[in-house]
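To start, the structure under review is shown below, and the notes come after it.
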Amino acid sequence: MWQKSLAFVTALFLALSIGQSVFAAIDTSSMQKALDEDLKSTHYDYKKGSVEIEDPKTFTGEKGENIIGGIAVIETVRDGIFITMKREIHFYNADSGKLLTSADAAKVKGVKEYIDSNSDNLHQKVVYWLPMLLMILLIAVPAIMLYVVVPRLYSTSEYMNPIYERNDNPR
């Protein structure tokens with residue numbers, strides 16, 4: 001029993017160590033910085049620093065440049081309450097430090113297949129909970145105030161009883 005559990009733990013550690021070398025991370029920090037600068041000018045409602053790169057892949061350009069492609073998850077905020085999560089494919093030339101246009105990226109071998117395989121991952125998600133919460137509060141706060149204030153507003157017994165008790169007026 002002890003030997004089986006030791007063998008299982010050893011196999012688990014071996015599998016995890018191999019998995020880390022197989023899934024070696026691609027450094028996308030420079031791509032994120034370039035996207036952050038570019039998205040400020042192209043999206044007026046872009047939330048600074050919110051870009052994340054998912055599923056990065058490296059390609060080799062026509063002149064041997066190192067090109068990184070990935071799905072950029074972008075968060076935009078309009079008027080402080082309307083939040084949108086967008087997913088777009090972007091390509092970055094790691095050697096020159098510039099983002100590639102769609103026309104330039106189309107010339108790179110393997111990019112079309114990458115776009116086709118990830119085209120179903122591109123979508124836009126609107127976060128509805130914050131505007132809905134504000135609408136509920138906009139309706140609920142006046143309703144609660146009316147529920148508390150209106151019954152006391154026209155009730156003569158609420159404010160007349162202390163007067164009668166204090167003056168000892170006979171009826």
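Miscellaneous remarks
- Accessible surface of LYS57 - all protein chains present, 1.4 Å probe, nearest 10 Å²: 100
- Flagged links, alpha-carbon separation over 31 Å, of LYS4/LYS57; LYS48/LYS112; LYS47/LYS98: LYS4/LYS57
- Taking a ≥ b ≥ c as the square roots of the eigenvalues of the alpha carbon gyration tensor, region 116-155 is prolate, as a/c is not under 1.5 and a/b beats b/c.
- By a 1.4 Å probe calculation restricted to protein chains, ASP116 has an accessible surface near 90 Å², given to the nearest 10.
- Partner aspartates and glutamates whose Cα lies under 20 Å from the Cα of LYS86, excluding those fewer than 8 positions away in the same chain, are identified as ASP36, GLU37, ASP38, ASP45, GLU52, GLU54, ASP55, GLU75, ASP116, ASP120.
- 3J(HN,Hα) couplings calculated from phi for region 48-57 with the Karplus curve 6.51 cos²θ - 1.76 cosθ + 1.60 (θ = phi - 60°) are, in sequence order, 4, x, 9, 6, 10, 9, 10, 6, x, 9 Hz; Gly and Pro show x.
- What the phi angles of region 71-76 give under the Karplus curve with 6.51, -1.76 and 1.60, with θ = phi - 60°, is a coupling list of 8, 8, 9, 10, 10, 10 Hz, glycine and proline written as x.
The values are calculated or read from the model by the stated rules, or taken from the named source; none is laboratory data. The shown structure was predicted, so the numbers you read here are calculated from the model rather than taken from an experiment. Keep in mind that these areas ignore ligands, DNA and RNA; they rest on the heavy atoms of the full protein, side chains included. Shrake-Rupley method; radii C 1.70, N 1.55, O 1.52, S 1.80 Å.
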